[in-house]
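Trainee: A single structure is presented below for examination.
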Amino acid sequence: MCSLINCLLCPAVVWPALIAVAAYFIRQYMQGGKFDKETDETGKVVIVTGSNTGIGKETVLELARRGATVYMACRDKKRTEEARLEIIRETNNQNIYFRELDLASLDSIRKFAADFKNEQYKLHILINNAGIMHCPRMSTKDGFEMQLGVNHMGHFLLTNLLLDLLKKSAPSRIVNVSSLAHTMGKMNFDDLNSDKSYNSYSAYSQSKLANVLFTRELAKRLEGTGVTVNALHPGTVQTDLLRHYKFFETTIGRLMVKGFQWLLFKTTKNGAQTTLYAALDPDLNGVTGLYFSDCKLKDVSKAAKDEKSAKLLWDESEKWTQYKK
């Protein structure tokens with residue numbers, strides 16, 4: 001008995017056990033808030049952009065479980081079909097569809113919106129989830145810097161083209177997936193397209209700030225329509241968004257960071273919780289123009305509260321996307 005106790009109290013046993021317990025509780029804490037309310041979304045029509053992987057796929061999966069009719073708006077047909085069939089098998093919800101959408105092409109966005117309107121007469125929830133992060137300097141088909149073009153401009157045009165359906169289906173919701181990175185962002189209106197200089201981190205933060213400014217400005221323009229719009233930070237999540245980090249391009253880098261990610265990053269399922277909260281929580285009926293994280297209301301940065309910047313960004317976005325009512 002004594003030898004067993006001595007063995008259990010041995011530092012070689014105690015310290016690894018304590019570390020393992022601590023790691024477990026840290027990981028659980030880092031997974032963040034959960035949306036655990038039961039809702040029935042039968043009859044609701046939802047669009048989720050960028051939904052063949054990551055938090056977008058998890059969002060569709062949960063919406064499907066709750067009975068929604070979901071359109072997976074993605075660029076990659078093969079990957080989306082694989083994800084769509086997987087979701088149908090798991091939920092037995094047959095009303096899950098793929099429709100091609102390339103947010104780096106204004107023509108593709110216009111075609112998607114026109115085709116969707118020909119197919120559907122209602123839209124209850126639009127989740128602008130797709131995004132690109134910290135990529136090398138690239139341009140969309142229309143010449144926009146890729147991160148601003150996909151993360152903001154593409155969703156700006158898509159949302160505006162679908163507003164008539166959202167209004168017709170009110171009460172309805174728009175959910176914009178932004179990021180905590182918006183707090184480090186600055187709208188560089190003198191070089192919005194990063195033509196003079198480019199920094200992938202600054203460009204990403206600018207695009208996420210644009211998401212919040214767009215949310216707040218759109219909320220004002222939608223007052224009295226029954227359509228609400230809110231933004232959110234999903235948390236630091238293990239998704240394909242990290243693929244452009246150079247450190248992840250090496251085998252050693254991937255191995256070294258794997259444990260770190262397991263400990264501190266959210267799973268994709270937990271990363272989708274605030275999106276689901278913003279899209280489905282009954283307590284948010286009529287709530288608009290706000291920003292959430294971990295299924296809770298959070299404040300935004302000073303730059304995100306700048307009404308002049310929000311209006312200027314709106315005007316620039318209309319010019320860039322050639323959208324005007």
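The values are calculated or read from the model by the stated rules, or taken from the named source; none is laboratory data. Since we're looking at a predicted model, the values are computed, not measured. Every residue, glycine among them, receives a Cβ derived from its backbone with ideal geometry; neighbour counts consider all protein chains shown.
Trainee: In the stretch 40-90, what count of residues is obtained for those that are of a type outside the set (Gly, Ala, Ser), buried (at least 24 other Cβ atoms within 10 Å of the Cβ) and not in a helix (DSSP H, G or I)?
Mentor: 9
Trainee: Right, something else. Out of (1) modelled with pLDDT under 95; (2) surrounded by fewer than 14 Cβ atoms within 10 Å (Cβ to Cβ); (3) within 29 Å of residue 207 (Cβ to Cβ), what's the single condition that is false for residue 32?
Mentor: Unmet for residue 32, out of (1) modelled with pLDDT under 95; (2) surrounded by fewer than 14 Cβ atoms within 10 Å (Cβ to Cβ); (3) within 29 Å of residue 207 (Cβ to Cβ): (2).
Yes/no per residue for (1) within 16 Å of residue 57 (Cα to Cα); (2) of a type in the set (D, E, K, R); (3) at pLDDT below 60:
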site: 247; (1), (2), (3): no, no, yes
site: 264; (1), (2), (3): no, no, yes
site: 268; (1), (2), (3): yes, no, no
site: 272; (1), (2), (3): yes, no, no
site: 277; (1), (2), (3): yes, no, no
site: 283; (1), (2), (3): no, yes, no
site: 288; (1), (2), (3): no, no, no
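Trainee: Still on this structure, I have one more. For the stretch 271-325, enumerate the residues that are closer than 24 Å to residue 44 by Cα, out of contact with any Pro (no Cβ under 9 Å at 6 or more places or on another chain) and in a helix (DSSP H, G or I).
Mentor: Of everything in the stretch 271-325, those that are closer than 24 Å to residue 44 by Cα, out of contact with any Pro (no Cβ under 9 Å at 6 or more places or on another chain) and in a helix (DSSP H, G or I) turn out to be 276, 277, 278, 279, 280, 282, 283, 284.
Trainee: Hey, can you tell me all the residues within the stretch 129-177 that are within 24 Å of residue 282 (Cα to Cα) and among the aliphatic types (A, V, I, L, M)?
Mentor: Hits for the stretch 129-177 are 162, 163, 165, 166, 170, 174, 175, 177.
Trainee: Scan the stretch 184-202 and report the pairs whose first residue is over 17 Å from residue 301 (Cα atoms) and whose second residue is of a type in the set (A, V, I, L, M) and surrounded by 13 or more Cβ atoms within 10 Å (Cβ to Cβ), with Cβ atoms within less than 6 Å and a gap of 6+ or a chain change.
Mentor: If the second residue must be of a type in the set (A, V, I, L, M) and surrounded by 13 or more Cβ atoms within 10 Å (Cβ to Cβ), the pairs left are 194/203.
Trainee: Oh, and also: Considering only residues that are of a type in the set (A, V, I, L, M, F, W, C) and out of contact with any Phe, Trp or Tyr (no Cβ under 8 Å at 6 or more places or on another chain), look in the stretch 118-131 and name the one that is surrounded by the fewest Cβ atoms within 10 Å (Cβ to Cβ).
Mentor: Among those that are of a type in the set (A, V, I, L, M, F, W, C) and out of contact with any Phe, Trp or Tyr (no Cβ under 8 Å at 6 or more places or on another chain), it is 125.
Trainee: Looking at the stretch 137-149, can you tell me whether even one residue there is aliphatic (A, V, I, L, M) and not in a loop (DSSP other than H, G, I, E, B)?
Mentor: yes
Trainee: Same structure again: Is it true that residue 110 is of a type outside the set (A, V, I, L, M, F, W, C), closer than 23 Å to residue 65 by Cα and not in a loop (DSSP other than H, G, I, E, B)?
Mentor: No, not satisfied.
Trainee: All but one of (1) touching an Asp or Glu at 6+ places or on another chain (Cβ under 9 Å); (2) within 20 Å of residue 53 (Cα to Cα); (3) among the polar types (S, T, N, Q) hold for residue 128; state the number of the condition that does not hold.
Mentor: Single failed check for residue 128: (1).
Trainee: May I ask you to list the residues in the stretch 100-112 that are free of Cβ contacts under 8 Å to residues at least 40 places away in the same chain and either surrounded by fewer than 17 Cβ atoms within 10 Å (Cβ to Cβ) or under 14 Å from residue 160 (Cα atoms) (or both)?
Mentor: Of everything in the stretch 100-112, those that are free of Cβ contacts under 8 Å to residues at least 40 places away in the same chain and either surrounded by fewer than 17 Cβ atoms within 10 Å (Cβ to Cβ) or under 14 Å from residue 160 (Cα atoms) (or both) turn out to be 100, 107, 111.
Trainee: Something else now. Go over the candidates 177, 237, 229 one by one and state the one that is within 21 Å of residue 279 (Cα to Cα), at pLDDT below 95 and in contact with a strand residue (DSSP E or B) (Cβ under 9 Å, 6 or more places away or on another chain).
Mentor: None of the others qualify; the one that does is 237.
Trainee: Please verify whether residue 186 is more than 19 Å from residue 72 (Cβ to Cβ), of a type outside the set (Ser, Thr, Tyr), assigned to a helix (DSSP H, G or I) and over 17 Å from the mean Cα position of the chain (by Cα), treating the condition exactly as stated. Lay out the reasoning, then the answer.
Mentor: Working: more than 19 Å from residue 72 (Cβ to Cβ): yes; of a type outside the set (Ser, Thr, Tyr): yes; assigned to a helix (DSSP H, G or I): no; over 17 Å from the mean Cα position of the chain (by Cα): yes.
Taking the combined requirement at face value, the residue does not satisfy it.
Trainee: Can residue 143 be described as at pLDDT 95 or above, small (Gly, Ala, Ser) and surrounded by 19 or more Cβ atoms within 10 Å (Cβ to Cβ)?
Mentor: no
Trainee: Across the stretch 194-220, what is the total count of residues that are surrounded by 14 or more Cβ atoms within 10 Å (Cβ to Cβ) and over 22 Å from the mean Cα position of the chain (by Cα)?
Mentor: Qualifying residue count, the stretch 194-220: 2.
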